[in-house]
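Okay, structure first, notes after.
Each reported figure results from applying straightforward, stated rules to the coordinates on display, with no laboratory input. All of these numbers come straight from a predicted model, not from anything done at the bench. Here Cβ is always computed from backbone atoms with ideal geometry, including for glycine, and neighbour counts include all displayed protein chains.
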Amino acid sequence: MLDGDTGTRCSAAGCTAPAVHAVHWRNPRIHDVDRVKTWAACDAHRESLAAWLRSRAFPVTITAFGETVERVA
Ligand SMILES: [Zn+2]
């Protein structure tokens, strides 16, 4: 996630805004329940990234960037 001295950028394609939210998710078909994937998100893309995941029926949890979660259910 971290890319050194420039800080972490939003995970949305083409977006260079700094990450301020963390979108934690899991694909239930391929990930165990304790597996957590995390995308970085700016304010503008937090909801669109989460919506993309929810549209695929993936569990999603959003936190402040830098926070971690034990699991998403
Ligand atoms: Zn963004």
(request) Working from Cα positions, state the angle (0 to 90°, nearest 10) between the long axis of helix 46-55 and the longest principal axis of the chain. (result) 20
(request) Quickly work out the THR63-to-THR8 label distance, labels modelled 7 Å from Cα along the C-beta direction, and quote it in nm with one decimal. (result) 1.0
(request) In whole Hz, with x marking every Gly and Pro, tabulate ³J(HN,Hα) for the range 13-22 from phi via Karplus 6.51 cos²θ - 1.76 cosθ + 1.60, θ = phi - 60°. (result) 4, x, 8, 10, 5, x, 6, 10, 10, 10
(message) Under the rule of at least 5 residues apart or a separate chain, name every residue whose amide H is placed under 5 Å from the amide H of ARG9.
(response) ALA19
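Tally Lys/Arg at +1 and Asp/Glu at -1 over every other residue whose Cβ is under 12 Å from the Cβ of VAL36; what's the total?
Values: positive: ARG26, ARG35, LYS37, ARG71; negative: ASP32, ASP34, GLU67, GLU70.
Once positives and negatives cancel, what remains is 0.
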(request) Note down the magnitude of the dipole of the chain about its Cα centre, charges +1 on Lys and Arg C-beta and -1 on Asp and Glu C-beta and zero elsewhere, to the nearest 20 debye. (result) 380
(message) Rg/Rh for the chain to two decimals, with Rh computed the Kirkwood way over all alpha-carbon pairs.
(response) 0.97
(request) Please give the contour-minus-distance gain from ARG71 to ILE30: 0.36 nm per residue of separation, less the Cα-Cα distance, rounded to one decimal in nm. (result) 13.3 nm
